[in-house]
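K.L.:
Encoded as structure tokens, here's the structure I'll be asking about.
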Amino acid sequence: MGLFDAKVPRYTSYPPATKFSGDVDGAQYLNWLSSIPSGSRISLYLHVPFCRKLCWFCACRTQGMRSDGPVIAYVESLKAEIAVLAGLLPEGVEIARLHWGGGTPTLLSPALMTDLSRALHEAFDFTGDAEFSVEIDPNEIDSARIDALVAAGMSRASIGVQDFDPHIQEVIGRIQTYEVTRQAVEALRAAGVGSLNADILFGLPDQDQARMAASVQMLLSLMPDRVALYGYAHVPWMAKRQSLIPTDALPGPEDRVHLYDTARELFLWDGYRDIGIDHFARPDDGLAKAAAAGRLRRNFQGYTDDTCDVLIGLGASAISRFPQGYAQNASGTAAYQKAVRAGDLATGRGHVFRGDDRMRARMIEMLLCDFRIDTTEITQGFKIARGDLAEMFARTAAAFPGMVEATPDAFRILPEGRPLARMIARGFDAYEMCATGHSPAF
Ligand SMILES: C[S@@+](CC[C@H](N)C(=O)[O-])C[C@H]1O[C@@H](n2cnc3c(N)ncnc32)[C@H](O)[C@@H]1O
Ligand code: SF4
């Protein structure tokens, strides 16, 4: 159900990436790039689709890579794409946010990290307050790589924890001792990284309340600034390696609700703020401040306080977002590299906003960020008649009795309905959702 149902989109984009089509090609992407107003602040996402070892539970699009050759070649391709993009961005555009995600960007050697960062800084202007965040696998980091990332300006690290319980780690194919995680956290802090995020999961095989509580308490001892508490999505038809996960050991829907509640209570009790459907943050963290001020947004990385209108994705399968729509690079690393090495754009597919897409995207974003729809913003921003909006509200409310409060002027998800937030948001999704079609964009 809802938050706890792997088949309901996470709505890190609307429409979800599974609804993208061949409508968007290089020419369209080029057109969107050239219409970025001069002087804009934009965000960059850089994707590294490799890991040293694949964890069985993981639904991310990533390849296991033991040797360094393909990683070195991929970094060269990223540099080629950076050069192409630099030639196309209008004058005066500055980068305000940079995120390296994957896969595991920390499998790059320190020299490759420095090389990539230098290419980015030579190609683009960064704002004085630019933020740089990196996804870090504690098993795949050392002081040389932390130093290279800090020298490149890393201001936030996002570490994958998943669960501290040794038995669960074995069952999900991801061994990572508390000590390894603690050392990574301490080394990052000692190197001056000011903000730390940690990802943990509920709904894992053999997870029960006691194990969940123990894992959260161990995480709290590391005092992360933010936590993403994701529901484990079991989608073996998409991520074949998940067939190694024992399905009969997976908690049922009700158990998942209890596991989430157990973790949530511990975070709240420790002073963290509830952020949207699956995040927690210390009150002085940027995400908590954005949530309190109604400035929380949702993008491909989940929740963010990033307000840039344009996010450009670099790398295989990376998605760019423009006010006009989405453009996704070719998913296969070979096709991606062939295109960018030839000096071309690697755009493979995407979506051009049409009809009421933008309005629905914003309504879904509001529901997942604030659990309510700001009707004034919607009626003024999208020129929809109050009566038509009221009709949409009533239709969705009828499907979720007792879970939402709907009047002609307001739509709000009640606390009882929060576990179903993604499903309720789907009530405003005009695209047909097929049962197995959605791809978790972790
Ligand atoms: C792109 S991964 C990168 C993390 C990094 N490679 C690491 O292992 O630490 C980001 C996060 O996606 C989440 N994730 C991956 N597979 C998932 C699944 N099947 N269900 C829910 N979350 C998942 C994990 O919490 C993971 O930390
Ligand atoms: S969890 Fe991280 S290291 Fe493990 S397979 Fe996924 S992306 Fe790779």
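The values are calculated or read from the model by the stated rules, or taken from the named source; none is laboratory data. Keep in mind the model is a prediction, meaning the values are calculated, not measured. Ideal geometry is used to build each Cβ from the backbone, glycine not excepted, and the neighbour counts take in all protein chains shown. The accessibility values were calculated without ligands, DNA or RNA, using every heavy atom of the protein model including side chains. Shrake-Rupley method; radii C 1.70, N 1.55, O 1.52, S 1.80 Å.
K.L.:
Just to be sure I understand, how many residues within the stretch 99-144 are part of a loop (DSSP other than H, G, I, E, B), away from ligand 1 (no atom under 15 Å from the Cβ) and free of Cβ contacts under 8 Å to residues at least 60 places away in the same chain? Before the answer, list the steps.
P.N.:
Within the stretch 99-144, the first condition is being part of a loop (DSSP other than H, G, I, E, B), and the residues that meet it are 103-104, 108-109, 124, 137, 141-142.
Going one step further and asking which of them are away from ligand 1 (no atom under 15 Å from the Cβ), we end up with 109, 124.
Filter once more, so that each one left must be free of Cβ contacts under 8 Å to residues at least 60 places away in the same chain: 109.
Number of matching residues: 1.
K.L.:
Of all residues in the stretch 420-439, how many are buried (at least 19 other Cβ atoms within 10 Å of the Cβ) and at pLDDT below 50? Spell out how you get there, then give the answer.
P.N.:
The first filter runs over the stretch 420-439 and keeps only residues buried (at least 19 other Cβ atoms within 10 Å of the Cβ), leaving 420-429, 438.
Those still in the list that are at pLDDT below 50 too: 438.
Qualifying residue count for the region: 1.
K.L.:
Here is a follow-up. Of the residues ALA80, ALA73, ALA96, which single one is assigned to a strand (DSSP E or B) and at pLDDT 95 or above? Don't jump to the end; show me each part of the working.
P.N.:
Working: ALA80 fails: assigned to a strand (DSSP E or B); ALA73 fails: assigned to a strand (DSSP E or B).
None of the others qualify; the one that does is ALA96.
K.L.:
Cβ-Cβ distance below 8 Å, separation of 6 or more or different chains: which pairs start in the stretch 160-175 with a residue that is farther than 14 Å from CYS51 by Cβ and in a helix (DSSP H, G or I) and end on one that is open to solvent by 10 Å² or more (accessible area, probe 1.4 Å) and within 11 Å of ligand 1 (Cβ to nearest atom)?
P.N.:
Taking only residues 6 or more apart or on different chains, the pairs are GLN169/GLN162.
K.L.:
Just one of ARG189, ARG211 is part of a helix (DSSP H, G or I), open to solvent by 60 Å² or more (accessible area, probe 1.4 Å) and closer than 23 Å to ILE277 by Cβ; which is it?
P.N.:
ARG211
K.L.:
Might you check whether a residue that is in a strand (DSSP E or B) and open to solvent by less than 20 Å² (accessible area, probe 1.4 Å) occurs anywhere in the stretch 247-267? Steps first, answer last, please.
P.N.:
To start, the set of residues in the stretch 247-267 that are in a strand (DSSP E or B) comprises none.
No, that holds for no residue.
K.L.:
Another question, then. Within the stretch 301-312, is even one residue surrounded by fewer than 18 Cβ atoms within 10 Å (Cβ to Cβ), on the phi > 0 side of the Ramachandran plot and modelled with pLDDT under 95?
P.N.:
Among the residues of the stretch 301-312, not one is surrounded by fewer than 18 Cβ atoms within 10 Å (Cβ to Cβ), on the phi > 0 side of the Ramachandran plot and modelled with pLDDT under 95, which makes the answer no.
K.L.:
Also, I was wondering about something else. Restricted to the stretch 237-246, and to residues that are in a helix (DSSP H, G or I) and in contact (Cβ under 8 Å) with a residue 24 or more places away in the chain, which residue is most open to solvent (accessible area, probe 1.4 Å)? Can you show your working first?
P.N.:
Within the stretch 237-246, the subset in a helix (DSSP H, G or I) is 240-244.
Within this subset, residues satisfying the condition of being in contact (Cβ under 8 Å) with a residue 24 or more places away in the chain are 241-242, 244.
On the way: ARG241: 48, GLN242: 1, LEU244: 96 Å².
So the residue we want is LEU244.
K.L.:
A follow-up question, please. Starting from residues that are aliphatic (A, V, I, L, M) and touching a Phe, Trp or Tyr at 6+ places or on another chain (Cβ under 9 Å), keep the ones in the stretch 43-74 and report whichever is farthest from ALA318 (Cα to Cα). Even if it seems obvious, please write down each step before you answer.
P.N.:
The initial filter retains those residues of the stretch 43-74 that are aliphatic (A, V, I, L, M), namely 44, 46, 48, 54, 59, 65, 71-73.
Filter once more, keeping what is touching a Phe, Trp or Tyr at 6+ places or on another chain (Cβ under 9 Å): 44, 46, 48, 59, 65, 71.
Details: LEU44: 10, LEU46: 7, VAL48: 9, ALA59: 16, MET65: 19, VAL71: 17 Å.
Out of the qualifying residues, it is MET65.
K.L.:
Select from the stretch 116-137 the residues that are open to solvent by less than 10 Å² (accessible area, probe 1.4 Å) and out of contact with any Lys or Arg (no Cβ under 8 Å at 6 or more places or on another chain) and list them in ascending order.
P.N.:
LEU120, ILE136
K.L.:
Taking the condition of being within 16 Å of ligand 1 (Cβ to nearest atom) and either free of Cβ contacts under 8 Å to residues at least 24 places away in the same chain or of a type in the set (D, E, K, R) (or both), how many residues in the stretch 180-198 meet it?
P.N.:
Here is the first cut: in the stretch 180-198, the ones within 16 Å of ligand 1 (Cβ to nearest atom) are 180-185, 187-188, 193, 196-198.
Checking which are either free of Cβ contacts under 8 Å to residues at least 24 places away in the same chain or of a type in the set (D, E, K, R) (or both) leaves us with 182.
Of the residues in that region, 1 qualify.
K.L.:
Starting from the stretch 382-403, take each residue that is modelled with pLDDT of 95 or more and list its partners that are loosely packed, with under 12 Cβ neighbours inside 10 Å, counting only C-beta distances under 6 angstrom and pairs at least six apart or across chains.
P.N.:
That search, which allows pairs on different chains as well, returns MET403/GLU416.
K.L.:
Also: Residue check: is VAL71 over 22 Å from the mean Cα position of the chain (by Cα), open to solvent by less than 10 Å² (accessible area, probe 1.4 Å) and either within 16 Å of ligand 1 (Cβ to nearest atom) or of a type outside the set (D, E, K, R) (or both)? Can you show your working first?
P.N.:
Values: over 22 Å from the mean Cα position of the chain (by Cα): yes; open to solvent by less than 10 Å² (accessible area, probe 1.4 Å): yes; either within 16 Å of ligand 1 (Cβ to nearest atom) or of a type outside the set (D, E, K, R) (or both): yes.
Judged against the criteria, VAL71 is a match.
K.L.:
Does LEU201 satisfy the condition of being assigned to a helix (DSSP H, G or I), surrounded by 22 or more Cβ atoms within 10 Å (Cβ to Cβ) and within 16 Å of ligand 1 (Cβ to nearest atom)?
P.N.:
no
K.L.:
So GLY64 fits all but one of (1) small (Gly, Ala, Ser); (2) within 16 Å of ligand 2 (Cβ to nearest atom); (3) crowded, with 18+ Cβ neighbours inside 10 Å; what number is the exception?
P.N.:
So the condition that GLY64 fails would be (3).
K.L.:
Quick check, is ARG52 within 16 Å of ligand 2 (Cβ to nearest atom), in contact with a Lys or Arg (Cβ under 8 Å, 6 or more places away or on another chain) and modelled with pLDDT under 95?
P.N.:
Values: within 16 Å of ligand 2 (Cβ to nearest atom): yes; in contact with a Lys or Arg (Cβ under 8 Å, 6 or more places away or on another chain): yes; modelled with pLDDT under 95: yes.
Yes: the conditions hold for ARG52.
K.L.:
What pairs come up if the first residue lies in the stretch 329-343 and is open to solvent by 40 Å² or more (accessible area, probe 1.4 Å), the second is outside any helix (DSSP H, G or I), and their beta carbons are under 6 Å apart, counting only those six or more places apart or on different chains?
P.N.:
SER331/SER317
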